[in-house]
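The values are calculated or read from the model by the stated rules, or taken from the named source; none is laboratory data. All of these numbers come straight from a predicted model, not from anything done at the bench. FYI the Cβ positions are ideal-geometry reconstructions off the backbone, even for glycines, and counts take in every protein chain you see.
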């Protein structure tokens, strides 16, 4: 009996020691595995950059490195040597009067396309009376007509009339991109009427009714009324083109010698009112 009590006391003592040991030195916890979250990068494909290249390089420019016009180099404004004859203030007022009467008599919209034509005439008369040089006067007359807000009415200076007649006769010769167009002075753009055969403009897909907005990110006409589509032969120009109903696009055109005549298009239009 005594042995059993001693053994029980010993077991109890061992258990007590083990309990006390656990209180003093807690059991080592089994370490849990750790996980590191590595973000997965979304690979975005690099955009494909398509270089802007000329649609057409004339034979005479094939061996010439393409370059834009350097700062300080003035492009050709018109045919070389062409100038408008000087007009006095009295002549300017007479031209204004004649122009006003033509619009009064034959303009297609009886309400002048919703514009106050009398106010427009009075405003430009005041400009003439304040004093305008010849080239500024012709530019102001062009701007006045464009204020009517249509793409069919325009004003040409004597020099521009001569150039237009030369183009129609096939006597034209200049360095440019090969467009026959009207200047929309109010909106600062060029409205294409036609392109010359085998010209840079034709090869670039420029069509009638397209608008040319900028040349090398500058207005087509600069402050001195220079046409930036003209310039040194074999020089390149980046032209912003807008087809009606579409976003503008950039094309590179190489200026080259333009000569000959415009393409005259003709077609038969079917109609039911002729038996």
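Scan 91, 142 and give me the residue that is out of contact with any helix residue (DSSP H, G or I) (no Cβ under 8 Å at 6 or more places or on another chain) and under 30 Å from residue 236 (Cβ atoms).
Every option except 142 fails the conditions.
Return the residues of segment 126-139 that are closer than 20 Å to residue 149 by Cβ and at pLDDT 95 or above; say none if nothing qualifies.
Result: 127, single match.
Taking the options 87, 73, name whichever one is part of a loop (DSSP other than H, G, I, E, B), modelled with pLDDT of 90 or more and either more than 31 Å from the chain's Cα centre (by Cα) or surrounded by fewer than 16 Cβ atoms within 10 Å (Cβ to Cβ) (or both).
Of 87, 73, the one residue that is part of a loop (DSSP other than H, G, I, E, B), modelled with pLDDT of 90 or more and either more than 31 Å from the chain's Cα centre (by Cα) or surrounded by fewer than 16 Cβ atoms within 10 Å (Cβ to Cβ) (or both) is 87.
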